[in-house]
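Shown next, in structure tokens, is the structure this report addresses.
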Amino acid sequence: MKKIFLAISKGRIMEEALALLKKNEIECNISPNDSRKLIFRTNYENLQIIIVRASDVPLYIESGKVDLGIVGKDTLLESNVDNYFFLKDLKIASCKLVVAGKKDKKLASNMKIATKYPSLTQDFFLSKGIPCSVLKLYGSMELAAVLNLSDAIVDLVDTGKTLKENGLEEICLIDNISSHLIVNKSSYKLKKNQIDKLVNRIS
Ligand code: ATP
Ligand code: PRP
């Protein structure tokens, strides 16, 4: 039986992904929450779990060093990796990807958008036929709109608390986001039976 490597995004997704696996009786031999290790054996056949930053998951999958990944749809939309198959929407770490700004702000030509998602932002505005310029930030996007560093932001919204407490509002929805299970195309050909069995197990 071949080894199967599954990369899980650190942070929010990891918590929910490990809980989902546990519900299906798949567990790491040591808890990733209590360890600085990066690769974990599990109690399920030859499955090993790798913990990486969310934005690095697509690259590990593209390289083929890792077979499977659990990653947010936002990260997949932003990455230019395409040699993977979508296997399942795990419906965990759900949130929305939106354009947001100060009250009554509307989409308009040549807006400056602050975001950590420059590529998907350009794609979205292009699909609407609205030219925009993008300012890449690494966190606290809301601040850019509050201080008029940008006209609007593209960011994730969960409870809406961050927008509300900073006096911002959703202008429009780009997409609903949740975590997806993906597989490297070659891995899927080589280990199809093992992978299908694992995917069926994760319900
Ligand atoms: P990276 O390490 O790549 O910079 P990060 O530090 O932003 O990522 P987290 O915030 O822990 O990592 O997780 C981000 C992922 O969790 C997102 O890609 C998204 O799919 C999901 N997510 C769910 N709810 C939220 C939320 N409220 N805010 C941000 N991300 C969320
Ligand atoms: C995320 C996201 C929003 C906020 C949305 O930020 O970028 O700012 O959470 O959640 P809410 O709708 O429930 O308020 P995060 O906490 O990851 O911090 P960051 O701005 O440093 O990325």
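The values are calculated or read from the model by the stated rules, or taken from the named source; none is laboratory data. Just so we're clear, the structure is a prediction, and the values are computed from it rather than from any experiment. Counting neighbours? That spans all protein chains shown, and the Cβs are built from the backbone with ideal geometry, glycine included. Ligands, DNA and RNA are stripped out before the accessible areas are found, and what is left, the full protein with its side chains, is counted by its heavy atoms. Shrake-Rupley method; radii C 1.70, N 1.55, O 1.52, S 1.80 Å.
Quick notes
- Cβ-Cβ contacts under 6 Å between residues 6 or more apart (or on different chains), taken from a first residue in region 130-147 that is under 20 Å from S109 (Cα atoms) to a second residue that is away from ligand 1 (no atom under 12 Å from the Cβ) and among the hydroxyl-bearing types (S, T, Y), are listed as I130/S109; P131/S109; V134/T121; L135/S150; A144/S150.
- Count of region 3-24 residues, restricted to those that are among the basic types (K, R) and surrounded by 13 or more Cβ atoms within 10 Å (Cβ to Cβ), is 2.
- Out of L90, L68, sole residue that is in contact with a strand residue (DSSP E or B) (Cβ under 7 Å, 6 or more places away or on another chain), of a type outside the set (D, E, K, R) and open to solvent by less than 10 Å² (accessible area, probe 1.4 Å): L68
- Complete set of residues in region 107-151 that are assigned to a helix (DSSP H, G or I), within 14 Å of ligand 2 (Cβ to nearest atom) and either of a type in the set (D, E, K, R) or over 18 Å from S55 (Cβ atoms) (or both): E142, L143, A144, A145, V146
- Criterion (outside the structural domain of S35 (by TED's automatic domain parsing), surrounded by fewer than 17 Cβ atoms within 10 Å (Cβ to Cβ) and not in a strand (DSSP E or B)) met by exactly one of D104, D82: D104
- Within region 148-170, residues that are open to solvent by 20 Å² or more (accessible area, probe 1.4 Å) reach partners that are away from ligand 1 (no atom under 16 Å from the Cβ) and in a loop (DSSP other than H, G, I, E, B) with beta carbons closer than 9 Å, at six or more positions or on different chains, in the pairs D151/K105; D151/A108; D151/N110; G167/K103; E169/K103; E169/D104; E169/K105.
- Count - residues of region 158-182 that are among the hydrophobic types (A, V, I, L, M, F, W, C), farther than 17 Å from A54 by Cβ and part of a strand (DSSP E or B): 5
- Among the residues of region 172-203, those identified as within 15 Å of ligand 2 (Cβ to nearest atom) and hydrophobic (A, V, I, L, M, F, W, C) are L173, I174, I177.
- Test for K189: is it in the same structural domain as K73 (by TED's automatic domain parsing) and more than 20 Å from the chain's Cα centre (by Cα): yes
- One residue stands out among those in region 56-94 that are of a type in the set (S, T, N, Q) and under 14 Å from the mean Cα position of the chain (by Cα): the one that is nearest to ligand 1 (Cβ to nearest atom), which is T75.
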